[in-house]
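The values are calculated or read from the model by the stated rules, or taken from the named source; none is laboratory data. Worth saying up front: this structure is predicted, and the values here are computed from it rather than measured. Because the Cβ atoms are built from the backbone with ideal geometry, glycine has one as well, and the counts that use them run over all protein chains shown. Note: accessible area is taken over every heavy atom of the protein model, side chains too, but ligands, DNA and RNA are not part of it. Shrake-Rupley method; radii C 1.70, N 1.55, O 1.52, S 1.80 Å.
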Amino acid sequence: MSAIFGIIDFKGRPLKEEWIRSMQDDLAHRGPDRQDLYREESMFLGHMLLQVTQESVYDTSPYEEDGFVITANARLDERETIMDRLNIPQRERESITDPLLLLRSFLKFGKDFVKDIYGDFAFAIWNKDKKELFCARDQIGVKPLLYYFEDNRLVISTELKSIVKLDLIKTEINNINIRNDYFDIEEKIGSTIWKNVFRLPAANHLTASLNNSKLHKYWTLHYQKNNLFKNLDSSSYALKAAMEKAIEDRMRTRTKIGVPLSGGLDSSSIVCIAARHAKKSGDILYSFSSMLDPKIKTPENNDETEYIQSVLIQETNIIPGYFYSSQLNFFENMTGKFDRYYAICSPFNYVDEALYERFEKIKVRRLLSGFIGDITVSNRTILPLANLFRSGKIKIMFRLGIQIKKQMNLTYFQLLKTHLFGPLSPDYLKSYSKWIMGNKLTLDSDIPICLNPDEKLEFQKKRENSFKNRTRYNLKIEEHILPPNSEVFREDFDTGSSHHQLEYTYPLMDRRVLECLMKIPVEHFYALGYHRGLIKQAMKEYLPDKIRKRTDKGFYSPGFFDVIYKDIPALIKEIDLGASIHPELNKDFDIVKVLKYLQNMTNNKSISFFSVKDWNYIYISNWIIYKIWILNRKYGNK
């Protein structure tokens with residue numbers, strides 16, 4: 001993945017050379033093919049280039065035209081449409097780069113042009129005369145853009161590390177942000193794990209100048225049923241066409257293409273469509289899959305082998321690769337990951353790292369990921385019966401309800417409770433129901449985080465408000481597809497893969513796919529009464545029946561529990577040692593309680609299930625390890 005970065009001092013103060021070198025050094029892994037700067041005395045914009053598309057070999061970013069300078073990390077769709085709007089001569093169309101198309105669109109149409117751009121992008125445009133910087137991020141937020149703006153000095157970058165390390169940055173760990181994650185509280189959009197360092201939200205642009213900055217949301221997803229989709233066939237065909245277009249556009253590369261293949265609906269759909277498209281031109285795909293080690297015989301573990309093989313048998317132009325994730329280590333080289341991410345790592349990060357390494361070895365540069373497909377094309381949270389009831393479509397509601405009851409083997413009580421009365425109930429009834437069932441919203445008195453009474457009260461109120469916000473939009477289709485108070489993409493996948501010269505893309509989060517979903521009648525999401533029925537219908541000509549008809553895809557990677565349990569002793573040792581070196585950790589955590597709980601987990605192994613409390617302690621342990629890393633950096637410990 002490429003990178004953009006820069007510092008602008010709106011007061012005109014000169015920049016230190018070490019600031020520029022520091023950012024260049026921290027982002028150098030993103031520029032294996034080209035690195036360059038645009039400089040003035042009190043500002044600079046930088047670019048790191050990873051060449052993936054045919055035209056990227058001509059990229060000489062940053063570009064300067066008509067008194068404006070752009071640096072961009074972009075992969076644009078609908079390039080022909082953009083070039084038509086700009087009247088680009090035919091002779092230039094094969095070589096004109098995405099950053100240059102963005103700059104010329106800005107020059108011709110102004111700031112509002114971003115709402116008409118499709119693809120993944122983050123860019124910054126410097127107005128030399130006005131001394132103003134304009135930044136924007138794509139509608140879904142695939143390409144990251146972080147910034148710091150204090151004392152009329154703006155710092156932007158693709159990665160946290162290159163900002164936080166600068167000595168001009170006044171920041172520290174944002175414990176509120178981390179606590180919000182733990183307590184399942186919706187955070188303020190744009191906040192990061194570092195105070196005063198912000199993430200430009202998806203579908204937003206930022207304009208900054210002397211003593212002024214303005215954030216503006218330029219695009220919102222809206223549900224508006226299209227009357228042309230009068231039956232399931234027309235809806236499923238439209239979704240299939242949108243998915244084909246999204247995948248084919250991402251296959252426009254000059255390098256090898258890779259696909260992580262899990263055996264589920266989403267990744268298998270991508271692989272099958274991509275393989276058929278590649279076959280037309282005699283090309284091949286490369287896949288890697290996390291498999292269940294044959295030595296693990298417990299029936300609860302998810303063995304995806306037969307589903308993965310069904311795809312590979314059907315699509316013959318795929319070169320597959322495999323690894324046993326149970327033989328990996330969750331805790332291995334955690335400090336090295338912190339050094340790269342400057343943030344807490346996901347418990348599943350070890351699988352991602354294994355994929356990055358393997359794709360890098362075979363020189364793949366573009367990946368097609370099915371990430372978040374279970375929210376979009378195979379959505380599992382939309383409950384159409386309640387929407388049909390509210391819109392007065394009672395006949396359709398009854399017919400679909402009977403199909404859902406049959407296909408999901410529900411009683412009438414279960415059907416009405418889950419699919420109708422639950423979503424339609426007012427907030428106070430939902431809260432009361434949770435209280436009656438013992439699922440209280442009050443904070444657990446056994447939590448190993450040190451909070452004073454005022455902090456407990458504050459977090460209690462935040463948790464209640466978060467719950468109300470979630471239950472309130474149960475009937476809004478667009479907020480199930482693209483949740484408004486959460487950030488689908490942060491920096492983890494982008495940063496991790498960039499160290500292996502990989503560009504991750506997400507065809508199932510393509511704006512055109514989402515806009516297609518916003519036109520489909522709600523009843524078609526449960527096509528014929530099947531959970532995830534819409535994508536199963538749309539993919540009839542692509543997916544093997546074994547995958548299209550499956551209902552048992554698990555949440556975890558194969559062998560996940562073995563990996564976590566195997567690493568808990570090392571986790572205990574690291575926390576114990578860190579707490580002895582840094583006693584101030586006890587101000588934030590009950591270290592004794594954490595160590596005791598982790599030890600109990602190893603003594604009472606159940607390799608097929610983690611309770612919510614188990615997950616909480618794993619998350620807190622990860623948080624503690626991260627704090628130890630921060631303190632070791634601060635005091636020079638290794």
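Laid out as a table, the results:
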item	result
Among the candidates Phe561, Phe610, residue that is modelled with pLDDT under 95 and not in a helix (DSSP H, G or I)	Phe610
Residue list for the stretch 325-336, restricted to those being in contact (Cβ under 8 Å) with a residue 24 or more places away in the chain and either assigned to a helix (DSSP H, G or I) or not aliphatic (A, V, I, L, M) (or both)	Ser325, Ser326, Gln327, Asn329, Phe330, Phe331, Glu332, Met334, Thr335
Close pairs from the stretch 435-462: first part of a loop (DSSP other than H, G, I, E, B), partner among the basic types (Lys, Arg) and at pLDDT below 80, Cβ under 9 Å, at least 6 apart	Lys440/Lys434; Leu441/Lys434; Leu441/Arg463; Thr442/Arg463; Leu443/Arg463
Which numbered condition Tyr322 misses (of (1) more than 23 Å from Gly258 (Cβ to Cβ); (2) assigned to a strand (DSSP E or B))	(1)
Qualifying residues in the stretch 5-27 (those that are in contact with a helix residue (DSSP H, G or I) (Cβ under 9 Å, 6 or more places away or on another chain) and in a helix (DSSP H, G or I)) - the one most open to solvent (accessible area, probe 1.4 Å)	Asp25
Filter result for Thr495 (among the β-branched types (Val, Ile, Thr), modelled with pLDDT of 80 or more and closer than 30 Å to Ala203 by Cβ)	yes
Residue within the stretch 456-466 that is at pLDDT 80 or above, closer than 30 Å to Glu515 by Cα and among the charged types (D, E, K, R) present	no
Considering residues of the stretch 311-334 that are hydroxyl-bearing (Ser, Thr, Tyr) and within 21 Å of Lys295 (Cβ to Cβ) only, the residue surrounded by the most Cβ atoms within 10 Å (Cβ to Cβ)	Ser325
Residue list for the stretch 553-599, restricted to those being closer than 30 Å to Ala275 by Cβ and free of Cβ contacts under 8 Å to residues at least 40 places away in the same chain	Phe555
Residue that is most open to solvent (accessible area, probe 1.4 Å) [pool: residues in the stretch 171-216 that are among the β-branched types (Val, Ile, Thr) and without any contact (Cβ under 8 Å) to a residue 40 or more places away in the chain]	Ile176
Only one of Ser95, Ser56, Ser2, Ser105 that is over 23 Å from Leu200 (Cα atoms), in contact with a Leu (Cβ under 8 Å, 6 or more places away or on another chain) and open to solvent by less than 50 Å² (accessible area, probe 1.4 Å)	Ser56
Residue list for the stretch 108-163, filter: over 26 Å from Gly496 (Cα atoms) and touching a helix residue (DSSP H, G or I) at 6+ places or on another chain (Cβ under 9 Å)	Lys108, Phe109, Phe113, Val114, Asp116, Ile117, Ile125, Phe134
Test for Ser61: is it open to solvent by less than 60 Å² (accessible area, probe 1.4 Å), under 20 Å from Asn127 (Cα atoms) and in a loop (DSSP other than H, G, I, E, B)	yes
Search result, residues across the stretch 594-627 that are more than 26 Å from the chain's Cα centre (by Cα) and open to solvent by 60 Å² or more (accessible area, probe 1.4 Å)	Lys596, Gln599, Asn600, Asn603, Asn604, Lys605
Filter result for Phe589 (closer than 14 Å to Asp446 by Cα, open to solvent by less than 10 Å² (accessible area, probe 1.4 Å) and of a type in the set (A, V, I, L, M, F, W, C))	yes
Among (1) touching a strand residue (DSSP E or B) at 6+ places or on another chain (Cβ under 9 Å); (2) in a loop (DSSP other than H, G, I, E, B); (3) under 18 Å from Gly373 (Cα atoms) - the single one Thr551 does not satisfy	(1)
Residues of the stretch 28-48 satisfying the condition of being without any contact (Cβ under 8 Å) to a residue 24 or more places away in the chain and either in a helix (DSSP H, G or I) or open to solvent by less than 10 Å² (accessible area, probe 1.4 Å) (or both)	Ala28
